[in-house]
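Step one of this worksheet: look at the structure below.
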Amino acid sequence: MKKGYISSPFGNRRDLINGTLRHHGGLDIAANKGSYIYAIANGFVSFSGKRGAYANLLEINHSES
């Protein structure tokens, strides 16, 4: 696979632990190891590495502050 896919969209979603609706403030894109990453806007890398069950993760913060 050369392209990723949206594995979890922005917006309200059902919490897998307790079943309540919660806001998800990001967009999760899954892709194969070695895939290129392109940011859609200016921002900074706020996390890179393994976090819990997410395996490898790159978090980009696009906020102004």
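The values are calculated or read from the model by the stated rules, or taken from the named source; none is laboratory data. Bear in mind the structure is a predicted one, so any value in this text is a computation, not a measurement. Virtual Cβ from ideal backbone geometry, glycine too; neighbours counted across all protein chains shown.
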- Would you mention how many residues in segment 25-49 are assigned to a strand (DSSP E or B) and over 25 Å from R14 (Cβ atoms)? 5
- Kindly indicate whether S63 is loosely packed, with under 10 Cβ neighbours inside 10 Å, out of contact with any helix residue (DSSP H, G or I) (no Cβ under 9 Å at 6 or more places or on another chain) and not in a strand (DSSP E or B). yes
- Residue pairs meeting the criteria (Cβ under 8 Å; at least 6 apart or on separate chains; first within 24 Å of I60 (Cα to Cα) and surrounded by 12 or more Cβ atoms within 10 Å (Cβ to Cβ), in segment 14-32; second modelled with pLDDT of 85 or more and among the aromatic types (F, W, Y)): H24/F10; G26/F10; L27/F10; I29/Y5; A30/Y5; A31/Y5
- List every residue pair whose Cβ atoms sit under 8 Å apart, with the two residues 6 or more apart in sequence or on different chains, where the first one lies in segment 39-63 and is more than 17 Å from G4 (Cα to Cα) and the second, anywhere, is at pLDDT below 90 and exposed (fewer than 11 other Cβ atoms within 10 Å of the Cβ). G43/S63; G49/N56; K50/N56; H62/I40; H62/A41
